[in-house]
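> Handing you this structure, nothing more for now.
The values are calculated or read from the model by the stated rules, or taken from the named source; none is laboratory data. Remember, it's a predicted structure, so these values are computed and weren't measured experimentally. Every residue, glycine among them, receives a Cβ derived from its backbone with ideal geometry; neighbour counts consider all protein chains shown. Side chains are part of the model used for accessible areas, which takes the heavy atoms of the whole protein and leaves out ligands, DNA and RNA. Shrake-Rupley method; radii C 1.70, N 1.55, O 1.52, S 1.80 Å.
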Amino acid sequence: MLELSEINIREHPKVYNLYLSGPIDQPKLFTKNYIPEKKIYGERLYTYNGVEFREWDPHRSKLAAILVNNPNIEVIRKGDRYLYLGAASGTTVSHLSDILRRGIIFSIEFAERSIRQLIQNTAERKNVIPIFGDARFPAEYGKFVFSEVDVIYQDVAQPNQAEIAIKNCNYYLKEDGLLVLAIKSQSIDSISKSETVYKQEKQKLEDAGYFIEEDINIHKYAANHIVLIARKR
Ligand SMILES: C[S@@+](CC[C@H](N)C(=O)[O-])C[C@H]1O[C@@H](n2cnc3c(N)ncnc32)[C@H](O)[C@@H]1O
């Protein structure tokens, strides 16, 4: 375990329960470890003033990448309920769980191996509900997602990413809730230019009545990806 005492860790100016060190335009991110001494994906653990932190790597998490890129963005608020589509083995889910504490993360994953790892990785985290389900068919996990959510976060490598997001919002997003949508252009169309693909997906959201509040290029951390933050008008 490393000591952070030399690094000067401080609270993030906007995001509750998120911590950073270094310059505001290029910070390192940290979350307080919900389960002390437990690592999820080989991340580095540090102690600072007797509290254990996990470093959150923007190369491993698109949510971390947007928070590093845009320090003013408010995508996580105290007590939020999240529907997380494409949870994989829980890299990002675990950091969200560190931050939200009393919130809930309904975590959907359709690959058997990943859901098994997700269940193992998050067994002690009371705010994570792993759900073996396919994001293309939101009605099928209705009995597990027992309330409307404040945020839908989607990171699935599928050809019809905007449609999947819209369908899930129709089922589960509360009025005025937020959609955070990672778009991987190569999953949609491997021949067209990324910009063309992004434009098409944005248009689909706008046609369905969403206002795009932010359009964040995260190519520096994840090749051919942008993240859209949208709200229904
Ligand atoms: C890029 S990974 C997600 C990484 C994860 N968001 C993180 O940051 O820790 C994409 C995940 O989406 C899952 N996925 C793809 N299509 C899906 C679908 N239709 N329903 C549920 N999960 C899906 C894949 O199995 C994979 O685990």
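> Could you please tell me which pairs satisfy a Cβ distance under 9 Å, a separation of 6+ or placement on different chains, a first residue in segment 71-89 that is open to solvent by 30 Å² or more (accessible area, probe 1.4 Å), and a second residue that is within 11 Å of the ligand (Cβ to nearest atom) and part of a loop (DSSP other than H, G, I, E, B)?
Going by the 9 Å Cβ cut-off, the qualifying pairs are ALA88/ALA111; ALA88/ASP155; SER89/ILE40; SER89/TYR41.
> So how many residues does segment 15-31 have that are in a loop (DSSP other than H, G, I, E, B), open to solvent by 50 Å² or more (accessible area, probe 1.4 Å) and closer than 20 Å to ILE218 by Cα?
Number satisfying all stated conditions: 4.
> Identify, please: which residue in segment 121-143 is part of a helix (DSSP H, G or I) and either out of contact with any Gly (no Cβ under 9 Å at 6 or more places or on another chain) or not assigned by TED's automatic domain parsing to the domain that holds TYR172 (or both) and is, among those, least open to solvent (accessible area, probe 1.4 Å)?
PRO138
> What are the residue pairs meeting all of these: first residue in segment 144-170, first residue under 14 Å from ILE229 (Cβ atoms), second residue outside any strand (DSSP E or B) and within 13 Å of the ligand (Cβ to nearest atom), Cβ atoms under 6 Å, and 6 or more apart or on different chains?
What qualifies is ILE152/ASN168; GLN154/ALA165; ASP155/LYS62; ASP155/GLY86.
> Whether any residue in segment 32-40 is open to solvent by 10 Å² or more (accessible area, probe 1.4 Å), within 22 Å of ILE152 (Cα to Cα), within 14 Å of the ligand (Cβ to nearest atom) and part of a loop (DSSP other than H, G, I, E, B) is what I want to check.
Checked segment 32-40: no residue is open to solvent by 10 Å² or more (accessible area, probe 1.4 Å), within 22 Å of ILE152 (Cα to Cα), within 14 Å of the ligand (Cβ to nearest atom) and part of a loop (DSSP other than H, G, I, E, B).
> Considering segment 42-92 alone, what residues qualify as being near the ligand (Cβ under 10 Å from one of its atoms), among the hydrophobic types (A, V, I, L, M, F, W, C) and not in a helix (DSSP H, G or I)?
LEU85, ALA87, ALA88
> When only residues in segment 98-120 that are more than 10 Å from the ligand (Cβ to nearest atom) and either over 18 Å from VAL151 (Cα atoms) or among the hydroxyl-bearing types (Ser, Thr, Tyr) (or both) count, which is least open to solvent (accessible area, probe 1.4 Å)?
Restricting attention to segment 98-120, the residues satisfying the condition of being more than 10 Å from the ligand (Cβ to nearest atom) are 98-106, 116, 119-120.
The next check asks that each one be either over 18 Å from VAL151 (Cα atoms) or among the hydroxyl-bearing types (Ser, Thr, Tyr) (or both); those that pass are 116, 119-120.
Details: ARG116: 146, ILE119: 88, GLN120: 133 Å².
Filtering first and then ranking leaves ILE119.
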